[in-house]
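Participant: Next up is a structure, given as C-alpha coordinates.
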Amino acid sequence: MTPADSDGDPTAEGGHDAVPATGVETGAGAGKRRSWPLYEVFVRGRRGLNHVHVGSLHAADAEMALHNARDLYTRRNEGVSIWVVLADDITASSPAEKDPFFAPAGDKVYRHPTFYVIPEEVPHL
Amino acid sequence: MTQLATTASVPAYVLRLADDALILAQRLGEWSAHAPELEEDVALTNIALDLLGHARMLLSYAGELLGGRTEDDLAFLRDEREFVNCQLVERPNGDFAATVARQLFFAAYQCELYAALGESADATLAAIADRAVKEVSYHRDHAVQWTLRLGDGTPESHRRMQAGVDGLWPYTSELFESDDLLLALVAAGVAVDPVALRPAWSGFLGPVLAEATLTVPETTWAPSGGRRGLHTEDFGLLLAEMQHLHRSHPGASW
(Lines give C-alpha, C1' and ligand atoms only; values in the text may rest on other atoms or scores of the structure.)
Protein backbone atom coordinates (compact mmCIF):
# COMPACT_ATOMS: atom_id res chain seq x y z
CA MET A 1 0.00 0.00 0.00
CA THR A 2 1.39 3.42 -0.86
CA PRO A 3 0.81 6.41 1.37
CA ALA A 4 -1.62 7.74 -1.24
CA ASP A 5 -3.92 4.77 -0.61
CA SER A 6 -4.35 5.53 3.04
CA ASP A 7 -6.66 8.11 4.48
CA GLY A 8 -4.61 11.09 5.55
CA ASP A 9 -0.96 11.70 6.03
CA PRO A 10 0.88 8.78 7.63
CA THR A 11 3.70 11.01 8.81
CA ALA A 12 1.22 12.66 11.15
CA GLU A 13 0.62 9.45 13.10
CA GLY A 14 2.22 8.63 16.38
CA GLY A 15 4.01 11.87 17.08
CA HIS A 16 7.71 12.37 17.84
CA ASP A 17 8.47 11.67 14.16
CA ALA A 18 8.98 8.08 15.15
CA VAL A 19 6.76 6.38 12.58
CA PRO A 20 8.48 5.91 9.23
CA ALA A 21 6.41 7.29 6.40
CA THR A 22 7.59 4.98 3.66
CA GLY A 23 8.68 1.41 3.27
CA VAL A 24 6.56 0.29 6.19
CA GLU A 25 4.31 -2.71 6.03
CA THR A 26 0.84 -1.25 6.31
CA GLY A 27 -1.28 -4.38 6.52
CA ALA A 28 -2.83 -4.31 3.05
CA GLY A 29 -5.35 -6.94 4.08
CA ALA A 30 -6.77 -4.74 6.80
CA GLY A 31 -8.57 -2.45 4.37
CA LYS A 32 -8.12 1.23 5.00
CA ARG A 33 -6.91 0.84 8.54
CA ARG A 34 -3.21 1.49 8.84
CA SER A 35 -1.29 -0.95 10.92
CA TRP A 36 1.80 -0.42 13.03
CA PRO A 37 5.22 -1.34 11.61
CA LEU A 38 6.69 -4.74 12.28
CA TYR A 39 9.65 -5.10 14.63
CA GLU A 40 11.90 -8.12 15.12
CA VAL A 41 12.75 -8.90 18.74
CA PHE A 42 16.06 -10.18 20.10
CA VAL A 43 16.43 -11.22 23.72
CA ARG A 44 19.59 -11.96 25.69
CA GLY A 45 18.87 -14.66 28.22
CA ARG A 46 21.67 -13.84 30.59
CA ARG A 47 24.94 -12.01 30.70
CA GLY A 48 27.59 -13.49 28.49
CA LEU A 49 25.19 -14.93 25.95
CA ASN A 50 24.23 -13.38 22.62
CA HIS A 51 20.92 -11.80 21.82
CA VAL A 52 18.74 -14.40 20.13
CA HIS A 53 15.86 -13.75 17.79
CA VAL A 54 12.65 -14.72 19.57
CA GLY A 55 9.92 -13.38 17.29
CA SER A 56 8.30 -10.23 16.03
CA LEU A 57 5.57 -7.79 16.98
CA HIS A 58 3.82 -4.63 15.85
CA ALA A 59 4.32 -1.35 17.66
CA ALA A 60 3.73 2.35 17.08
CA ASP A 61 7.43 3.11 17.38
CA ALA A 62 10.68 1.63 18.67
CA GLU A 63 10.18 2.65 22.29
CA MET A 64 6.73 1.06 22.38
CA ALA A 65 8.15 -1.99 20.64
CA LEU A 66 10.54 -2.43 23.57
CA HIS A 67 7.61 -2.25 25.99
CA ASN A 68 5.57 -4.73 23.97
CA ALA A 69 8.56 -7.06 23.71
CA ARG A 70 8.92 -6.96 27.49
CA ASP A 71 5.28 -8.01 27.83
CA LEU A 72 5.27 -10.62 25.08
CA TYR A 73 8.68 -12.26 25.28
CA THR A 74 10.07 -11.84 28.81
CA ARG A 75 7.03 -12.82 30.87
CA ARG A 76 8.81 -15.78 32.41
CA ASN A 77 12.09 -14.16 33.29
CA GLU A 78 13.70 -14.99 29.97
CA GLY A 79 15.83 -11.93 29.54
CA VAL A 80 18.26 -9.37 30.82
CA SER A 81 18.35 -7.31 27.62
CA ILE A 82 16.09 -6.73 24.63
CA TRP A 83 16.84 -5.37 21.15
CA VAL A 84 14.10 -4.40 18.71
CA VAL A 85 14.81 -3.75 15.03
CA LEU A 86 12.45 -2.55 12.32
CA ALA A 87 11.87 -5.63 10.18
CA ASP A 88 12.28 -3.50 7.06
CA ASP A 89 15.78 -2.50 8.16
CA ILE A 90 16.99 -6.09 8.04
CA THR A 91 18.68 -7.17 4.84
CA ALA A 92 18.30 -10.93 4.58
CA SER A 93 19.76 -13.56 2.33
CA SER A 94 17.24 -15.06 -0.03
CA PRO A 95 16.26 -18.72 0.43
CA ALA A 96 16.59 -19.15 -3.36
CA GLU A 97 20.32 -18.33 -3.14
CA LYS A 98 20.93 -20.83 -0.38
CA ASP A 99 23.18 -23.07 -2.46
CA PRO A 100 25.63 -20.50 -3.84
CA PHE A 101 25.68 -18.78 -0.48
CA PHE A 102 26.29 -21.65 1.86
CA ALA A 103 27.10 -24.91 0.04
CA PRO A 104 30.74 -24.03 -0.77
CA ALA A 105 31.55 -23.96 2.93
CA GLY A 106 30.49 -27.55 3.40
CA ASP A 107 33.57 -29.35 2.07
CA LYS A 108 36.18 -27.05 3.55
CA VAL A 109 36.84 -29.00 6.71
CA TYR A 110 39.88 -26.89 7.57
CA ARG A 111 37.50 -24.02 8.38
CA HIS A 112 35.93 -25.99 11.20
CA PRO A 113 37.67 -26.06 14.56
CA THR A 114 37.44 -29.84 14.74
CA PHE A 115 41.16 -30.42 15.27
CA TYR A 116 41.18 -29.13 18.80
CA VAL A 117 40.28 -30.92 21.98
CA ILE A 118 37.91 -28.70 23.92
CA PRO A 119 38.21 -28.99 27.68
CA GLU A 120 34.92 -29.93 29.31
CA GLU A 121 35.14 -26.98 31.68
CA VAL A 122 34.70 -24.47 28.83
CA PRO A 123 31.04 -23.49 28.64
CA HIS A 124 29.01 -22.09 25.74
CA LEU A 125 30.94 -23.73 22.89
CA MET B 1 -1.90 3.08 69.80
CA THR B 2 -3.68 0.32 71.63
CA GLN B 3 -3.93 -3.17 70.30
CA LEU B 4 -7.69 -2.76 70.13
CA ALA B 5 -7.45 0.20 67.76
CA THR B 6 -5.04 -1.75 65.58
CA THR B 7 -7.30 -4.73 65.20
CA ALA B 8 -10.18 -2.52 64.13
CA SER B 9 -8.45 -0.12 61.76
CA VAL B 10 -5.62 -1.97 60.04
CA PRO B 11 -7.88 -4.35 58.10
CA ALA B 12 -10.09 -1.41 57.09
CA TYR B 13 -7.02 0.30 55.64
CA VAL B 14 -5.77 -2.86 53.94
CA LEU B 15 -9.20 -3.26 52.33
CA ARG B 16 -8.96 0.20 50.79
CA LEU B 17 -5.65 -0.71 49.16
CA ALA B 18 -6.98 -4.12 48.12
CA ASP B 19 -10.20 -2.80 46.62
CA ASP B 20 -8.37 -0.16 44.58
CA ALA B 21 -6.19 -2.87 43.03
CA LEU B 22 -9.02 -5.39 42.61
CA ILE B 23 -11.48 -3.05 40.93
CA LEU B 24 -8.89 -1.55 38.58
CA ALA B 25 -7.79 -5.08 37.65
CA GLN B 26 -11.39 -5.94 36.82
CA ARG B 27 -11.79 -2.80 34.70
CA LEU B 28 -8.54 -3.42 32.80
CA GLY B 29 -9.55 -7.03 32.28
CA GLU B 30 -12.48 -5.74 30.24
CA TRP B 31 -9.93 -4.78 27.58
CA SER B 32 -9.06 -8.43 27.09
CA ALA B 33 -9.63 -9.17 23.37
CA HIS B 34 -10.88 -5.59 22.86
CA ALA B 35 -7.69 -3.49 22.84
CA PRO B 36 -6.76 -1.61 19.65
CA GLU B 37 -3.89 -4.01 18.90
CA LEU B 38 -2.96 -7.49 20.03
CA GLU B 39 0.23 -6.19 21.65
CA GLU B 40 -1.72 -3.64 23.69
CA ASP B 41 -4.21 -6.30 24.68
CA VAL B 42 -1.37 -8.22 26.29
CA ALA B 43 0.07 -5.10 27.92
CA LEU B 44 -3.22 -4.05 29.54
CA THR B 45 -4.11 -7.52 30.74
CA ASN B 46 -0.57 -7.96 32.11
CA ILE B 47 -1.10 -4.82 34.16
CA ALA B 48 -4.49 -6.15 35.25
CA LEU B 49 -2.86 -9.38 36.42
CA ASP B 50 -0.19 -7.48 38.34
CA LEU B 51 -2.93 -5.55 40.13
CA LEU B 52 -4.92 -8.70 40.76
CA GLY B 53 -1.80 -10.19 42.35
CA HIS B 54 -1.51 -7.21 44.69
CA ALA B 55 -5.24 -7.42 45.46
CA ARG B 56 -4.98 -11.09 46.35
CA MET B 57 -2.11 -10.53 48.77
CA LEU B 58 -3.90 -7.60 50.38
CA LEU B 59 -7.29 -9.33 50.56
CA SER B 60 -5.73 -12.42 52.09
CA TYR B 61 -4.02 -10.28 54.69
CA ALA B 62 -7.23 -8.34 55.42
CA GLY B 63 -9.16 -11.61 55.71
CA GLU B 64 -6.58 -12.94 58.14
CA LEU B 65 -6.83 -9.80 60.28
CA LEU B 66 -10.61 -9.95 60.20
CA GLY B 67 -10.47 -13.52 61.39
CA GLY B 68 -10.88 -16.46 59.09
CA ARG B 69 -12.19 -14.75 55.96
CA THR B 70 -10.65 -15.74 52.65
CA GLU B 71 -9.70 -13.54 49.71
CA ASP B 72 -12.67 -15.00 47.82
CA ASP B 73 -15.08 -14.13 50.64
CA LEU B 74 -13.94 -10.54 50.51
CA ALA B 75 -13.82 -10.22 46.73
CA PHE B 76 -17.03 -12.01 45.85
CA LEU B 77 -19.34 -11.89 48.84
CA ARG B 78 -19.28 -8.24 49.81
CA ASP B 79 -21.97 -5.91 48.48
CA GLU B 80 -21.47 -2.60 46.77
CA ARG B 81 -21.61 -0.45 49.90
CA GLU B 82 -18.95 -2.62 51.58
CA PHE B 83 -16.34 -1.86 48.91
CA VAL B 84 -14.00 0.97 49.87
CA ASN B 85 -12.11 1.59 46.62
CA CYS B 86 -11.77 5.13 45.32
CA GLN B 87 -14.17 6.09 42.56
CA LEU B 88 -11.40 6.73 40.02
CA VAL B 89 -10.67 3.01 39.57
CA GLU B 90 -14.30 2.08 39.00
CA ARG B 91 -14.86 4.62 36.21
CA PRO B 92 -15.76 2.90 32.94
CA ASN B 93 -12.90 2.32 30.52
CA GLY B 94 -14.20 4.73 27.88
CA ASP B 95 -11.96 4.79 24.83
CA PHE B 96 -8.30 3.79 24.93
CA ALA B 97 -7.21 7.36 25.71
CA ALA B 98 -9.52 7.54 28.73
CA THR B 99 -8.09 4.27 30.01
CA VAL B 100 -4.57 5.66 29.54
CA ALA B 101 -5.52 8.80 31.48
CA ARG B 102 -6.93 6.73 34.35
CA GLN B 103 -3.78 4.57 34.33
CA LEU B 104 -1.54 7.63 34.37
CA PHE B 105 -3.30 9.26 37.31
CA PHE B 106 -3.64 6.10 39.34
CA ALA B 107 -0.28 4.46 38.67
CA ALA B 108 1.50 7.73 39.50
CA TYR B 109 -0.41 7.76 42.79
CA GLN B 110 0.32 4.10 43.52
CA CYS B 111 4.03 4.60 42.84
CA GLU B 112 4.28 7.29 45.51
CA LEU B 113 1.99 5.35 47.85
CA TYR B 114 3.82 2.03 47.70
CA ALA B 115 7.25 3.65 47.87
CA ALA B 116 6.20 5.28 51.15
CA LEU B 117 4.32 2.23 52.39
CA GLY B 118 7.53 0.21 52.13
CA GLU B 119 8.49 1.98 55.38
CA SER B 120 5.27 0.98 57.15
CA ALA B 121 5.44 -0.25 60.74
CA ASP B 122 3.23 -3.13 59.60
CA ALA B 123 5.76 -5.65 58.28
CA THR B 124 3.30 -7.48 56.02
CA LEU B 125 2.09 -4.28 54.38
CA ALA B 126 5.67 -3.10 53.94
CA ALA B 127 6.62 -6.38 52.25
CA ILE B 128 3.64 -6.27 49.88
CA ALA B 129 4.38 -2.63 49.01
CA ASP B 130 8.05 -3.41 48.37
CA ARG B 131 7.07 -6.03 45.88
CA ALA B 132 4.30 -4.02 44.22
CA VAL B 133 6.25 -0.82 43.72
CA LYS B 134 8.38 -2.28 40.93
CA GLU B 135 5.30 -3.38 39.05
CA VAL B 136 3.36 -0.15 39.43
CA SER B 137 6.34 1.88 38.29
CA TYR B 138 6.16 -0.11 35.05
CA HIS B 139 2.42 0.61 34.85
CA ARG B 140 3.19 4.28 35.24
CA ASP B 141 5.80 4.17 32.52
CA HIS B 142 3.39 2.42 30.15
CA ALA B 143 0.78 5.13 30.76
CA VAL B 144 3.36 7.90 30.31
CA GLN B 145 4.49 6.50 26.96
CA TRP B 146 0.94 6.44 25.66
CA THR B 147 0.03 9.82 27.12
CA LEU B 148 2.94 11.41 25.24
CA ARG B 149 2.08 9.68 21.98
CA LEU B 150 -1.64 10.31 22.08
CA GLY B 151 -1.45 13.83 23.52
CA ASP B 152 1.25 14.96 21.10
CA GLY B 153 0.01 12.84 18.18
CA THR B 154 -2.73 13.61 15.69
CA PRO B 155 -5.49 16.18 16.29
CA GLU B 156 -7.90 13.29 16.90
CA SER B 157 -5.64 11.48 19.39
CA HIS B 158 -4.97 14.78 21.17
CA ARG B 159 -8.69 15.51 21.39
CA ARG B 160 -9.41 12.07 22.88
CA MET B 161 -6.50 12.20 25.32
CA GLN B 162 -7.53 15.65 26.53
CA ALA B 163 -11.11 14.42 26.90
CA GLY B 164 -9.84 11.50 28.99
CA VAL B 165 -7.84 13.83 31.23
CA ASP B 166 -10.76 16.25 31.59
CA GLY B 167 -13.25 13.52 32.42
CA LEU B 168 -11.15 11.78 35.06
CA TRP B 169 -9.25 14.64 36.66
CA PRO B 170 -12.04 15.48 39.18
CA TYR B 171 -11.86 11.94 40.55
CA THR B 172 -8.17 12.30 41.48
CA SER B 173 -8.87 14.57 44.45
CA GLU B 174 -10.35 11.64 46.37
CA LEU B 175 -6.96 9.90 46.26
CA PHE B 176 -5.46 12.53 48.54
CA GLU B 177 -8.24 12.82 51.11
CA SER B 178 -7.60 11.91 54.70
CA ASP B 179 -10.00 10.87 57.44
CA ASP B 180 -9.97 9.72 61.07
CA LEU B 181 -8.96 6.18 60.21
CA LEU B 182 -5.97 7.38 58.19
CA LEU B 183 -4.94 9.95 60.78
CA ALA B 184 -4.84 7.27 63.48
CA LEU B 185 -2.90 4.83 61.31
CA VAL B 186 -0.49 7.49 60.07
CA ALA B 187 0.23 8.38 63.68
CA ALA B 188 0.93 4.71 64.36
CA GLY B 189 3.31 4.56 61.40
CA VAL B 190 1.18 1.96 59.63
CA ALA B 191 -0.49 4.00 56.89
CA VAL B 192 0.80 6.61 54.45
CA ASP B 193 -0.61 10.11 54.74
CA PRO B 194 -2.26 10.65 51.32
CA VAL B 195 -2.11 14.43 51.69
CA ALA B 196 1.68 14.18 51.75
CA LEU B 197 1.73 12.26 48.47
CA ARG B 198 0.10 14.98 46.43
CA PRO B 199 3.14 17.26 45.81
CA ALA B 200 5.21 14.38 44.40
CA TRP B 201 2.25 13.19 42.33
CA SER B 202 1.66 16.66 40.87
CA GLY B 203 5.36 17.13 40.36
CA PHE B 204 5.52 13.97 38.30
CA LEU B 205 2.38 14.59 36.24
CA GLY B 206 3.00 18.26 35.43
CA PRO B 207 5.93 17.78 33.05
CA VAL B 208 4.33 14.69 31.45
CA LEU B 209 1.09 16.51 30.67
CA ALA B 210 3.01 19.57 29.45
CA GLU B 211 5.19 17.50 27.12
CA ALA B 212 2.07 15.76 25.85
CA THR B 213 0.57 19.23 25.13
CA LEU B 214 -2.31 18.48 27.52
CA THR B 215 -3.87 20.87 29.99
CA VAL B 216 -5.23 20.29 33.45
CA PRO B 217 -8.90 21.22 33.61
CA GLU B 218 -9.95 23.98 35.98
CA THR B 219 -12.67 22.48 38.08
CA THR B 220 -13.76 22.59 41.66
CA TRP B 221 -16.01 19.53 41.36
CA ALA B 222 -14.41 16.80 43.46
CA PRO B 223 -16.55 13.68 43.74
CA SER B 224 -15.78 11.59 46.78
CA GLY B 225 -17.15 8.89 49.02
CA GLY B 226 -15.60 5.66 47.73
CA ARG B 227 -13.77 5.13 51.02
CA ARG B 228 -17.17 5.24 52.76
CA GLY B 229 -18.77 2.78 50.36
CA LEU B 230 -20.41 5.37 48.11
CA HIS B 231 -19.91 4.48 44.48
CA THR B 232 -20.87 5.61 41.00
CA GLU B 233 -23.71 4.09 39.04
CA ASP B 234 -21.47 1.93 36.85
CA PHE B 235 -19.93 0.18 39.83
CA GLY B 236 -22.91 -2.11 40.41
CA LEU B 237 -22.60 -3.53 36.91
CA LEU B 238 -18.90 -4.17 37.41
CA LEU B 239 -19.59 -6.05 40.65
CA ALA B 240 -22.39 -8.07 39.03
CA GLU B 241 -20.03 -9.27 36.33
CA MET B 242 -17.18 -9.92 38.76
CA GLN B 243 -19.24 -11.72 41.39
CA HIS B 244 -22.02 -13.56 39.60
CA LEU B 245 -20.09 -16.75 38.91
CA HIS B 246 -18.94 -17.18 42.48
CA ARG B 247 -22.38 -16.36 43.84
CA SER B 248 -24.20 -18.63 41.38
CA HIS B 249 -21.79 -21.51 41.90
CA PRO B 250 -20.26 -21.16 45.37
CA GLY B 251 -16.87 -22.81 45.59
CA ALA B 252 -16.52 -23.22 41.82
CA SER B 253 -12.92 -23.69 40.72
CA TRP B 254 -11.01 -24.48 37.52
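The values are calculated or read from the model by the stated rules, or taken from the named source; none is laboratory data. The model shown is predicted, which means the values in this text are computed figures rather than measured ones. Because the Cβ atoms are built from the backbone with ideal geometry, glycine has one as well, and the counts that use them run over all protein chains shown. Protein only, heavy atoms only, side chains kept; ligands, DNA and RNA dropped before computing areas. Shrake-Rupley method; radii C 1.70, N 1.55, O 1.52, S 1.80 Å.
Participant: Mind checking region A:29-125 for GluC sites (Glu not before Pro) that DSSP puts in a loop (not H, G, I, E or B) and that have at most 13 other Cβ atoms within 10 Å?
Facilitator: On the way: sites: A:Glu40, A:Glu63, A:Glu78, A:Glu97, A:Glu120, A:Glu121; in loops: A:Glu78, A:Glu120, A:Glu121.
Those that pass, being in a loop and sparsely packed, are A:Glu120, A:Glu121.
Participant: I need the semi-axes of the equivalent ellipsoid of region B:25-73: take the C-alpha gyration tensor, multiply each eigenvalue by 5, square-root it, list largest first in whole angstrom.
Facilitator: They are 30, 9, 5 Å, listed from largest to smallest.
Participant: At a probe of 1.4 Å, how much accessible area disappears from chains A and B on forming the pair, both sides counted, to the nearest 100 Å²?
Facilitator: Buried area (both sides, nearest 100 Å²): 1800 Å².
Participant: For region B:1-149, with all protein chains present and a 1.4 Å probe, just round the carbon and sulfur fraction of the accessible area to a whole percent.
Facilitator: 54 percent
Participant: Something else now. Of B:Ser60, B:Ser9, which has the most accessible area and how do the rest follow, probe 1.4 Å?
Facilitator: Order by accessible area, largest first: B:Ser60, B:Ser9.
Participant: When Cβ neighbours within 10 Å are restricted to other protein chains, what is their mean count per residue of peptide B:138-146? Mind showing how you got there, number by number?
Facilitator: Details: counts 3, 0, 0, 1, 5, 0, 0, 6, 3.
So the per-residue partner count for this stretch is 2.
Participant: Follow-up question, since we're still on this one. For the protein assembly as shown, what does the helix formula give at 222 nm: sum of -39500 (n - 2.57) over DSSP H segments with n ≥ 4, over the residue count, nearest 500 deg cm²/dmol?
Facilitator: That comes out to -16500 deg cm²/dmol.
Participant: Suppose accessible area is computed on protein heavy atoms with a 1.4 Å probe; arrange A:Trp36, B:Trp221 from highest to lowest.
Facilitator: Correct descending sequence by accessible area is B:Trp221, A:Trp36.
Participant: To the nearest 10 degrees, how steep is helix B:233-248 against the longest Cα principal axis of chain B, on a 0 to 90 scale?
Facilitator: 50 degrees
Participant: If you don't mind, there's one more thing I want to ask. Mind checking the angle between helix B:96-117 and chain B's longest principal axis? C-alpha axes, 0 to 90 degrees, to the nearest 10.
Facilitator: 40 degrees
Participant: Can I ask one more? Near A:Leu57, within a Cβ-to-Cβ distance under 10 Å, what is the net charge of the other residues, with Lys and Arg +1 and Asp and Glu -1?
Facilitator: -4
Participant: Over all directions, how big on average is the projection of the convex hull of the alpha-carbon atoms in chain B, in square nanometres?
Facilitator: Working: hull surface 54.1 nm².
In nm², the orientation-averaged hull projection of chain B is 13.5.
Participant: For B:Glu82, B:Glu241, give the ranking by accessible area with the largest first, probe 1.4 Å. Don't jump to the answer; show the numbers that get you there.
Facilitator: Working: B:Glu82 90, B:Glu241 120 Å².
Of B:Glu82, B:Glu241, the descending order of accessible area is B:Glu241, B:Glu82.
Participant: Suppose all protein chains stay in the model; what accessible area per residue would a 1.4 Å probe give for chain B, in Å²?
Facilitator: 43 Å²
Participant: Ok, one more. Sum up the charges of everything whose Cβ sits under 11 Å from the Cβ of B:Arg198, counting Lys and Arg as +1 and Asp and Glu as -1, but leave B:Arg198 out.
Facilitator: So the environment of B:Arg198 carries a net charge of -3.
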